[in-house]
Amino acid sequence: MNIELILFGAFALLTLLSAGTVIFARSPINSAMALVSTFFFMAGIYVLLWAHTVAVMQVLVYAGAIMVLFLFVIMLLNLGESSTRGKPTVARVAGGAATVGLFAVLAIILLKLPAEPATLSTGAQASFGTIATMGQVIFTQWLFPFEAVSLLLLVAMVGAVVVAKSRI
Amino acid sequence: MSRVLTILVAMFTIVFLMAGGMASAYLVGGLVEEHWFTGASRLTNVLFLVLIFVMVIATLLTMAERKWSAFIQDRMGPNRARIALPGLKNRSLGGLPHILTDVLKMLTKEDLIPAAANRFMFNLGPILAFAPTFALFAVVPAGPSVQVFGRNVDMVVATPDFGALYVLAIASLAVYGTALAGWASNNKFGLLGGVRATSQMIAYEVALGLSLVGIFLTFSSVQFPAIIGDIGNALTGGTGQGRYLWRTDGAFDLGLPAWGIFIQPLGFLLFFAASFAETKRAPFDLPEGESEIIGYFVEYSGMKFGLFMISEFVEVVVLAGVTTAFFFGGYHLPFGNEWLANLPIMQEHGWLLGTILGTVFWLKVLFLIWVQLLIRWTFPRFRYDQIQSLGWKILLPLGLVNIFVTGALVLWDPSLRALAVLGIAEIGILVVLTTTTKVPAGGAHGAHAGHGHDHGHGHAHGGHGAHDLPAHAHGAAPASTH
Amino acid sequence: MNLPNLSLADFLPLLPAIIMVVGASILLLSEVFLSTTASRAYQAVLTVVTAVAAGAMALTTMFEPPQEVMLGFGVMDPFSSFLTFVVCVGLALATLSSVSFLRKRGAERGEFYALMLFASAGMSLLAMSNELITLFVNIEVLSLSTYALTSYLRRGTRPSEAGFKYFILGAFSSAVLLYGAALLYGATGTTHLTAMAGPLSTAMSSQPGLVYAGIILVITGFAFKVAAVPFHMWTPDVYEGAPTPVTALMSVGVKAAAFAAMVRVFFMVGKGVDPQILLSLFSVLAFLTMVAGNLLAIPQRNVKRMLAYSSIAHAGYLLVGVAALFVTGPGEQFRLLGASALTGGTPLDLARAEALRGILYYLLAYTFSAVGAFTIVSVLERREDEEKGTAWDLERFSGLAQRKPGWAFAMAAFMLSLGGIPPTIGFMSKLLIFQAAVDAGLIGLTIVGVLSSAVGIYYYLRVVVYMFMRPVPEGAQALEKSWSTELALVLSTAAVVILGIIPGPVMGWLEQASSIFGQ
């Protein structure tokens, strides 16, 4: 039992708990805050994976900016607690059963994975996951997806403006 | 005359106390490094830098702010709390005892929780507001890394690889406390404050990040130690902000240091404005808006309110520290830096150099805190739309322009001299503009100019957006509003 | 670490997409300086010019041998070039049909055309993507543009509903796709499609469950995008609610690009796993899609909705072609039309090349026919009816032959082509697809395909019957003419008829491009 494993267990458990709260909380604000903590604990898992730049980006972008926007919208709309527990319709039962089934299948598959993970080749490189390495890789090797993402963000921005602006 | 003397004595005391604090920080750091384990000085740094320096300065700030506002408004300021001790009886002591009374008051007030409030979130709010601001200072180096008792002692808690991104990430979390407090109180005014805080945060978060990109470009790093840089010696030149762009030859070095303020003045203004907005203090105090909605902490009492208040002051200290590190050369002296560091006695007793430079750092911090208090008490509050248009329409485009110009100049002249020439020209233009412009026109010549005119005339004329008011409302505004 | 250097030449293969993005940016920027009342006729012209330029650029690269672009994250081969060309054709025709549509509604804006161009750029890049992350990002580029375009006109509840439904289900399917891709990455340790085959066969023996789950989730994601049954539920509502020119672009462009990506992914995956698995999966999908699409289209009196269901059915025929890619043994004995003109390679390669050619030709054929049909639908609908369900009713087509013989002829051509009746391009394309399927030994699937397309002829011909054999209804409004619509109709009718009679030129292209796929 090394410290990494303990930390991973803690982060994983907290991530699951928060993610569960996101789904089951009645009040949207509680859901949003649980989502923030989900992101936060996921960032912890990223750190354990040597991806600390990704982790801090996760906190900066998701927990720090995007969720603030969520919160803003929820507060602006003043959403109350949702009262739609709803009756079990055929579609709901079927959907729930399908979800549970999919989850079970995936769980079985993942449980069958070899217990000992493949030896990581990254241990040797101290620079792995640093901001400098990431920058170099993104702007050379991964330039195509990176530029595609910038196109994606531009499109998303234009699309959001088009959808949000006054009716035509 | 005696008043001048008192002030001098007080200032000397402050410098002396800070030097003492730094000296003990270094010495204790060296001791624990030697006797405990390597890296133990990081733990004592938490104690000294965050718990002692930041907390004490923030606590004293509660008083300093009142005194300073009193000076500005030509009042005496608080002086009623006295201590009944021999020799101190009937002395106001500059209002210092008020700190104690404030704390007593907050601790003994009843802790009210509104019946309709969400208890969990209500209690979470102050914690979430306080903790991030406190954690921010962890990455700011308050002094150089020196050898004490043969061990290396860093005057910083943590030096993560992502440096400045940590500041941005943690700072952006602070708004949750505010927003939650506003929402959980189940109070319309509180909710308004929370909504204002979130929208303001979003508007300035982008500009805040962009304003620092210029600094990252010029120093090719996001890490504080690399940006602050090392002091040069006979063999190697300095790095980061510890080097000179132009310097005299000879033992005593005199020249233009590569401080952020000289090579990134626009970046500094943007950063300062945006981070000022994130501290939620006037003129950006819309979430609080004490004259209109009281704001997100309207339902809080006792020490929970105290946490909100003290976190605001902690933010002031942290902002000053971060700004010093990025734009004012961190712990470096503007001149004589290399001369001092290469003195034999300094080489021998590393902690001495550390103490001197650390004191320099805290003096710069105090200066920036003073600037913040000055801004806080001279400018009236923005209107909501002005806040948004300043963030999105002025700071954001200027930040983008700054990045492109900086990138191009760094590419063209990696020695940063071209950038410094541009920077000094920018400073000159700003000075000329602010001193000569009597009635500012609508243009945005740098954030500061746009700034000043927004506050200075915002309230007198019903503001920047006055063109959408009918003409008669224009004249009537000063009389009716203030 | 060895960091590669990129030169300008690395970006040249992306030129069609770059041209479209530049055109879109010009449109966006020009809108900043325009007053609301300024004439915007140039915008459509610019869009068409951009599309033509990009299409021409794609054509020039069609006969070059396959090459990796951007360090293997993309690949430029005749397959991607031809798909880019198809997308550009669809874009140009949809733009031409949208001019009068938007003008009638006072909704001409640069953003509309810019989003069309962005979507097409995303489609072109998607056709070139050779790596899972790139692929996913490009899928999102085209999806986000089409989400926004779907709710571009927001009169009444229909467009909002369509946009929202499309967005939610699209985002969901993207997530499913991404999860599947992540599982595949977990199994193989690479996201590059070309490098995947080897590790995949190793993973197949050590952790088959992971590979199966990944493949099934990725297929599910793609099935949503191409509207294959049983993941088709969003299609009718979205196609109906979106502005008709957008529906046209969506039905051809999104489908073409999604099929391109799907074919590329599973062609590569198929090298690593037992192709029999993929064959059975795609056969089931194709069977369900063909049958359900055609049967569901029969009761529709709403022509736009009928076309939506018909597009599902066409996805089914295309899936037959995809299934034919995973043939294990060549079914030489069933070869219908003599030896294939494609030369070289083993019989297996020949059969695969035939299937690919069939898919590509089918996409081109569907582009011309569907865009043309939607153009006719768009000129017949009236904006005041949009709220009601009758805007696209069959009644609108009554007596069209007397009012507008040209339009009626064009619509008849499109309907015959969609139904797969000679002498139209639709017939040729169906022939190619089914030929490939038979050569691959998929006899049962081919029979189902032929039978279901025979069912499809019923609802296509019903439109023709209404146009030619029903009287003009009382009080029918005058039909406006506009040069752009006429141009779009003339071009697509000509293509449908001429390429149906003389398929030679395009077939020639496809055959010249000897290795259709960067195999």
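The alpha carbon centroids of the stretch C:63-83 and the stretch B:253-329 are separated by 53 Å. I'd like the mean, over residues of B:182-190, of how many other protein chain beta carbons sit within 10 Å of each residue's own Cβ. Taking all residues of B:182-190 together, the mean is 1.
Sorted into 10 angstrom bins from 0, the C-alpha pair distances of the stretch B:177-225 split as 25, 29, 21, 18, 7 percent. Ranked by solvent-accessible area (1.4 Å probe, protein heavy atoms only, all chains present), the residues C:Tyr459, C:Tyr309, B:Tyr166 order from largest to smallest as B:Tyr166, C:Tyr309, C:Tyr459.
Let me confirm one metric for peptide A:56-68, namely the mean number of other chain beta-carbon atoms within 10 Å of its residues' beta-carbons.
That works out to 6 on average.
Over the stretch C:20-102, calculate the relative contact order: mean separation of alpha carbon pairs under 8 Å at least 6 apart, over the residue count, as a percent.
Taking the mean separation of contacting Cα pairs over the length of the stretch C:20-102, I get 32 percent.
Legend: mean number of C-beta atoms from other chains within 10 angstrom of residue C-beta atoms, peptide B:170-181, equals 4. Between the stretch C:151-199 and the stretch A:25-98, the alpha-carbon centres lie 20 Å apart. Annotation note: GluC sites (Glu not before Pro) in the stretch B:27-93 located in DSSP loop regions with a Cβ neighbour count of at most 15 within 10 Å are absent.
Overall, the accessible surface of the protein assembly as shown at a probe of 1.4 angstrom is composed of carbon and sulfur to the extent of 71 percent. Taking 7 Å steps out from each Cα toward its Cβ at B:Ala84 and B:Ser291 produces label points 4.0 nm apart. When Rg and the Kirkwood radius Rh are both evaluated on Cα atoms of the stretch B:154-243, their ratio Rg/Rh stands at 1.20.
Just need log10 I(q)/I(0) for the stretch A:127-168 at q = 0.32, 0.33 Å⁻¹, Debye formula, equal scatterers on the alpha-carbon atoms, no solvent, rounded to two decimals. For the requested q values the scattering log ratios are -0.97, -0.99.
When the P(r) of the stretch C:1-104 is calculated, the portion above 17 Å amounts to 60% of the C-alpha pairs. Structural descriptor for chain A: relative contact order 18 percent, calculated from alpha carbon pairs under 8 angstrom and at least 6 residues apart.
With all projection directions averaged, the alpha carbon convex hull of the stretch B:243-307 covers 7.5 nm². Aspartates and glutamates near B:Lys188 by alpha-carbon distance under 14 Å, same-chain residues fewer than 8 away left out - which ones? Within the straight-line limit of under 14 Å, B:Lys188 reaches these aspartates and glutamates: B:Glu288, B:Glu292, B:Glu299. With N the number of residues in the protein assembly as shown, Rg(Cα) / (2.2 N^0.38 Å) evaluates to 1.08.
What does the buried accessible surface come to for A and C, summed over both chains, with the probe at 1.4 Å? Round to 100 Å². Can you show the working numbers first?
Working: alone 13260 and 18410 Å², together 28450 Å².
Heavy-atom accessible area buried at this interface is about 3200 Å².
Length, then width, then depth: along the principal axes, the Cα atoms of chain A run 54, 43, 26 Å. The convex hull of the Cα atoms of chain B, projected and averaged over all directions, covers 26.6 nm².
Provide, for q = 0.11, 0.15, 0.18, 0.25 Å⁻¹, the log10 of I(q)/I(0) from a solvent-free Debye sum over equal Cα point scatterers in the stretch A:1-80. Log10 of I(q)/I(0), two decimals: -0.32, -0.55, -0.73, -1.10. In the distance distribution for chain C, Cα-Cα pairs more than 32 Å apart total 38 percent. The separation of the stretch B:385-432 from the stretch B:83-143, counted between C-alpha centres, amounts to 39 Å.
For the stretch C:161-295, what Kirkwood radius comes out of the mean inverse Cα-Cα distance, in Å? Don't skip to the end; give the middle numbers.
Details: mean 1/r = 0.0640 Å⁻¹.
Its Kirkwood hydrodynamic radius stands at 15.6 Å.
Could you tell me the relative contact order of the stretch A:1-80? Use alpha-carbon pairs under 8 Å, at least six residues apart, and round to a whole percent. Display every interim value, and only then the final one.
Numbers: 71 pairs, mean separation 23.1, N = 80.
Taking the mean separation of contacting Cα pairs over the length of the stretch A:1-80, I get 29 percent.
Of the peptides B:312-318, B:193-199, the ranking by mean beta-carbon count within 10 Å, highest at the top, reads B:193-199, B:312-318.
Taking the Cα centre of chain C as origin and assigning +1 to Lys and Arg Cβ atoms and -1 to Asp and Glu Cβ atoms, the resulting dipole is close to 1120 debye.
In units of the rule-of-thumb radius 2.2 N^0.38 Å, the stretch B:275-372 shows an alpha carbon radius of gyration of 1.50.
Of all lysines in the structure, the ones whose alpha carbon falls short of 27 Å from that of C:Lys255, not counting any fewer than 8 places away in one chain, are C:Lys165, C:Lys225, C:Lys271, C:Lys304, C:Lys430. Let me know the shape class of the stretch C:344-433, please: from the alpha-carbon gyration tensor, a ≥ b ≥ c as square roots of the eigenvalues, rounded when a/c is under 1.5, otherwise prolate if a/b is greater than b/c, or oblate. Judged from the Cα gyration tensor, the stretch C:344-433 comes out prolate (a/c at least 1.5, a/b above b/c). Protection proxy ranking of A:47-60, B:403-416, by the mean of other Cβ atoms within 10 Å over each peptide's residues and highest first, is A:47-60, B:403-416. From the Cα gyration tensor of the stretch B:74-172, with a ≥ b ≥ c the square roots of its eigenvalues, which class applies: rounded if a/c is under 1.5, or else prolate if a/b is larger than b/c, or else oblate? Because a/c hits 1.5 or more and a/b fails to exceed b/c, the stretch B:74-172 counts as oblate.
How many Å² of accessible surface get buried when B and A come together, counting both sides, probe radius 1.4 Å, rounded to the nearest 100?
Using a 1.4 Å probe on protein heavy atoms, the buried area is about 2100 Å².
Rounded to the nearest whole Hz, the Karplus-based 3J(HN,Hα) values (6.51 cos²θ - 1.76 cosθ + 1.60, θ = phi - 60°) of the stretch B:348-356 follow the sequence 6, 10, x, 5, 5, 4, x, 5, 5, with x at glycine and proline.
Helices in the protein assembly as shown, meaning DSSP H runs of at least 4 residues, each add -39500 (n - 2.57). Divided by all residues, the mean residue ellipticity at 222 nm is -22000 deg cm²/dmol.
Here is the P(r) of the stretch B:117-178: all C-alpha pair distances, binned every 5 Å from 0, give 4, 17, 19, 16, 14, 10, 8, 6, 3, 2, 1, 0 in whole percents. Heavy-atom accessible surface of B:Thr13, to the nearest 10 Å², is about 60 Å², with a 1.4 Å probe and all protein chains retained. In chain C the longest region clear of GluC sites (Glu not before Pro) that are loop-assigned by DSSP and have at most 16 other C-beta atoms within 10 Å covers C:1-386.
For the stretch B:1-147, the normalised intensity computed at q = 0.10, 0.14, 0.19, 0.21 Å⁻¹ comes to -0.57, -0.98, -1.23, -1.31 (log10 of I(q)/I(0), Debye sum over alpha carbons, equal scatterers, no solvent). Which of rounded, prolate, oblate describes the stretch C:394-506, given a ≥ b ≥ c as roots of the alpha-carbon gyration tensor eigenvalues and a/c under 1.5 marking rounded, otherwise prolate only if a/b is larger than b/c? Oblate shape, in that a/c is at least 1.5 and b/c is the bigger or equal ratio.
The values are calculated or read from the model by the stated rules, or taken from the named source; none is laboratory data. On a predicted model such as this, the values are computed, not experimentally measured, just so you know. Neighbour counts are summed over all protein chains in view; Cβ atoms, including those assigned to glycine, are modelled from backbone coordinates with ideal geometry. In case anyone asks, the SASA skips ligands and DNA or RNA and just uses the protein heavy atoms, side chains included. Shrake-Rupley method; radii C 1.70, N 1.55, O 1.52, S 1.80 Å.
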